[in-house]
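Take a look at the structure set out below.
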Amino acid sequence: MSPLAAGLLMALTTIVVLATGIPVAFGLGIVAMGFLVWFEGFYSLSFIGELFFSGLSDFTLVSIPMFIAMGAAVASSPAGADLYGALERWLTRIPGGLAISNIGACSIFAALSGSSPATCAAIGRMGIPEMRKRGYPDELATGSIAAGGTLGILIPPSVTMIVYGISTGTSIGRLFMAGVLPGIMLTLMFIAWSVYYAKRHGASIQQITQHFTLREKLERAPRVLPFLLLVLGILYVLYGGVATPSEAAGVGAMLCFVLVAVIYRIWQPRKLWAIVKSSTRESVMIMMIIGAAALFSYTLSSLFITQSVAEWIAALEVSRWVLLAAVNLFLLVAGFFLPPVAVIVMTAPILLPIITQAGFDPYWFAVVLTVNMEIGLITPPVGLNLYVINGIVPDVPLPRILNGALPYALIMALAIVILSFFPQIATWLPDLLMG
């Protein structure tokens, strides 16, 4: 069997196995071991443990559970309520201001927590009922939160960027910087659509008449600013070369626990244990996926599938833009069915040499890949954010939530087009700050 035929068979088998609902890590591991035994015999099982461990031996991986713990501490505190309340008081009198508050709160909270579902849950529990109470359409109330939550995997510090950096050997600090301006651009595009949609349905939206004094507007700032300064500090030590990602993540997690304990009085052992338990569960899930993906990648390489696919694509006489369109389509479809971490560890090592050979920047490609993964978070059949929103407002049917989220998915697709024509949006800031 030729390597290309083996690769096609392996891809189809992976799709079928994962479609059964088996956890991604176990599905990848089963497929990888099955094909190794088929082509190389049972003796290949003797080094499975070593291969799995080698996928987890990178010290930079320590930063993942630390950043997850940092996000879990923020998500478990009233920081989301304070952030939302602070923005609402400043923007509530602007037409469509509540929608702007939702998107803004989502973008900032997503940067703090690094989790799309946590952002949807924290901001959605407050923002969606408030918007519906004031006459905002259900589609806008739910869709804006679902889309705003996706910003968590693009705006730094981002776990998916860390996984991409480890998988491709690229600088995590530079990846974080590359995600800043595209994250701001997407936030502004989301806000623009939300305001336009709100104005189009302005007749049914009730503007609040309550006036807040400057003191009331600044009332929650002391509780929110320390967390924002913590994120800025992490970015500074990373791109400034002061600390490694693992060191920055460890100190950031510790300071986050301290801030939560001091500001919100969350210091009881039971509450702290709940934070540690939830972050440990998510960290183990991601680590299992990374280890299984390392085994999967070894299988692809040992059967010469990776090399053959790269040579086949390189031999195609097509322009680099056609190649980029094909890669984006592939990533988009993969994001419909798999979580972002699984897609990155499986595809980034294969696609990056092809992309760089075509003349594209690896850090720009990381942003494009991440935006594709964001689209997958608000589109079926997986669409995790859609189900989180549906759990918050079960009386709103899932199709209506999807209708509200689809315009934002199209905006993300437009953002990919803009990034393709203006890659400096992703590369300018890291080049300026890191050379």
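Taking the criterion of being part of a helix (DSSP H, G or I) and either without any contact (Cβ under 8 Å) to a residue 24 or more places away in the chain or touching a strand residue (DSSP E or B) at 6+ places or on another chain (Cβ under 8 Å) (or both), the residues of region 225-246 that qualify are LEU225, LEU229, LEU232, GLY233, TYR236, VAL237. Listed by first and then second residue, the pairs with beta-carbon distance under 7 Å, at least 6 apart or on different chains, first residue in region 13-24 and in contact (Cβ under 8 Å) with a residue 24 or more places away in the chain and closer than 13 Å to PHE296 by Cβ, second surrounded by 15 or more Cβ atoms within 10 Å (Cβ to Cβ) and aromatic (Phe, Trp, Tyr), are LEU18/PHE337. The condition of being of a type in the set (A, V, I, L, M), under 22 Å from ILE411 (Cα atoms), part of a helix (DSSP H, G or I) and touching a residue at least 24 places away in the same chain (Cβ under 8 Å) holds for only one of VAL333, VAL343, that being VAL343. Counting only residues that are in a helix (DSSP H, G or I) and in contact with a helix residue (DSSP H, G or I) (Cβ under 8 Å, 6 or more places away or on another chain), region 185-201 holds 11 of them. Scanning region 77-96 turns up no residue that is in a helix (DSSP H, G or I) and β-branched (Val, Ile, Thr). When you check MET346 against the structure, is it at pLDDT 85 or above, under 27 Å from GLY34 (Cβ atoms) and within 18 Å of the chain's Cα centre (by Cα), yes or no? Spelling it out, it is not the case that MET346 is at pLDDT 85 or above, under 27 Å from GLY34 (Cβ atoms) and within 18 Å of the chain's Cα centre (by Cα). From SER63, SER54, SER76, SER107, grab the single residue that is surrounded by fewer than 21 Cβ atoms within 10 Å (Cβ to Cβ), touching a helix residue (DSSP H, G or I) at 6+ places or on another chain (Cβ under 9 Å), farther than 12 Å from GLY127 by Cα and of a type outside the set (Lys, Arg). Among SER63, SER54, SER76, SER107, only SER54 is surrounded by fewer than 21 Cβ atoms within 10 Å (Cβ to Cβ), touching a helix residue (DSSP H, G or I) at 6+ places or on another chain (Cβ under 9 Å), farther than 12 Å from GLY127 by Cα and of a type outside the set (Lys, Arg). Confirm whether THR299 is of a type in the set (S, T, N, Q), closer than 28 Å to MET177 by Cα and surrounded by 15 or more Cβ atoms within 10 Å (Cβ to Cβ). Answer is no for this residue.
All of (1) modelled with pLDDT of 85 or more; (2) buried (at least 24 other Cβ atoms within 10 Å of the Cβ) hold for PRO157 with one exception: (1).
GLU216 meets each of the listed conditions (1) surrounded by fewer than 17 Cβ atoms within 10 Å (Cβ to Cβ); (2) closer than 26 Å to ILE166 by Cα apart from (2). Condition check: hydrophobic (A, V, I, L, M, F, W, C) and under 30 Å from ASP431 (Cβ atoms). Does TRP321 satisfy that? In short, yes. Return the residues of region 383-397 that are at pLDDT below 85 and in a loop (DSSP other than H, G, I, E, B); say none if nothing qualifies. Within region 383-397, GLY383 is the sole residue that qualifies. For region 361-368, indicate whether the set of residues that are among the acidic types (Asp, Glu) and free of Cβ contacts under 8 Å to residues at least 24 places away in the same chain is non-empty. Within region 361-368, none of the residues are among the acidic types (Asp, Glu) and free of Cβ contacts under 8 Å to residues at least 24 places away in the same chain.
For first residues located in region 381-406 and among the acidic types (Asp, Glu), partners that are not in a loop (DSSP other than H, G, I, E, B) and lie 6+ apart or on another chain with Cβ distances below 8 Å do not occur.
The values are calculated or read from the model by the stated rules, or taken from the named source; none is laboratory data. Model, not experiment: these values are computed from the prediction. Using ideal geometry, Cβ is built from the backbone for each residue, glycine included, and neighbour counts are taken over all protein chains shown.
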